Amino acid sequence: MSDKMKELIAIGASVSAHCQPCLTYHVSKAKDLGVDTNQIRTAIEVGQMVEKGSMSAMREFAKSVLGAKPSITCPYGMLDTVPQSNISTTCPYGKYLTNG
């Protein structure tokens, strides 16, 4: 694996870990290695997607610990405001929602 690829991975990991000093360091190092700004931006976006997924998963896990039913989900994120009985509802992307 190239040093450039390692830094891009580290950038995404820094974002998902909420480590500001790590992100500053790895962005600087990536730039020193000649990594394109668009690639750095993409790595940041991937880190944000991982972060969003882990937050949704933890929210659902916390509910399950308390014995609550899982929220109705959309393939593109959680929709906690949708009533459990409204199974025919669609998410903003037009996909049918499912329980769990």
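The values are calculated or read from the model by the stated rules, or taken from the named source; none is laboratory data. This is a predicted model, so every value here is computed, not measured. For neighbour counting, all protein chains shown are included, and Cβ atoms are generated from backbone atoms with ideal geometry for every residue, glycine included.
Per-structure values
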quantity	calculated
Pro92, sole failed condition from (1) more than 30 Å from Met5 (Cβ to Cβ); (2) touching a Pro at 6+ places or on another chain (Cβ under 9 Å); (3) modelled with pLDDT under 60	(2)
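Yes or no, residue by residue, for (1) assigned to a helix (DSSP H, G or I); (2) crowded, with 18+ Cβ neighbours inside 10 Å:
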residue: Gly12; (1), (2): yes, yes
residue: His26; (1), (2): yes, yes
residue: Lys29; (1), (2): yes, no
residue: Val35; (1), (2): no, yes
